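A short write-up of the structure that comes next.
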Amino acid sequence: GTVTSEALTTAAGAAWTLTLTNTKIAATSKVFASVENGTNTQGIPVIGTAIAGSGSAVIKVYNLHASQALNGTIKVKFFVVP
């Protein structure tokens, strides 16, 4: 699936967290994720972690830029293997 974030202002070096909720996600599931810019034109958004839990998955997106904050939406694409 794909989730488009709200307009983000995540600071340089900080993280934004996306929580996916679905009863088909198990603690033993594998979560794969990637990120791309939506309307964002600054910063360097990258996937940090994608961890499954019972009924949810938590994906952390970090801004790796040294000084620029994110300034718009990003798109997180994900694939969960139950």
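The values are calculated or read from the model by the stated rules, or taken from the named source; none is laboratory data. This one's a predicted model, so the numbers in the text were calculated from it and none came from an experiment. Positions of Cβ are backbone-derived with ideal geometry, glycine not excepted, and every protein chain shown enters the neighbour counts. All accessible areas refer to the heavy atoms of the entire protein, side chains included, with ligands and DNA or RNA removed. Shrake-Rupley method; radii C 1.70, N 1.55, O 1.52, S 1.80 Å.
For SER56, SER67, SER29, SER34, what's the largest-to-smallest order of accessible area, 1.4 Å probe?
Result of the area sort, largest leading: SER67, SER34, SER56, SER29.
Pull out the extension gain between VAL81 and GLN68, defined as 0.36 nm times the separation in residues minus the alpha carbon to alpha carbon distance; nm, one decimal.
Length gained between VAL81 and GLN68: 1.2 nm.
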### Query
Summing +1 for each Lys or Arg and -1 for each Asp or Glu, what net charge is found among the other residues whose Cβ lies under 13 Å from the Cβ of THR39?
-1
### Query
Given (1) 37, 19, 14; (2) 37, 36, 19; (3) 31, 21, 20, which label gives Cα extents along the principal axes in Å as computed from the coordinates?
(1)
### Query
What percentage of the solvent-accessible surface of the chain, computed with a 1.4 Å probe over protein heavy atoms, is contributed by carbon and sulfur atoms?
55
## Note on the structure
Computed over the stretch 11-82, the relative contact order (Cα-Cα under 8 Å, seq sep at least six) in percent reads 45
### Message
So, R0 is 25 Å and r is the distance between the beta-carbons of GLU36 and ALA14; what FRET efficiency does that work out to, to 0.05?
### Response
0.85
### Query
Quick one: net charge of PHE78's neighbours, Cβ under 14 Å, K/R +1, D/E -1?
+4
### Query
Cα centroids of the stretch 40-60 and the stretch 18-35: how far apart, whole angstrom?
10
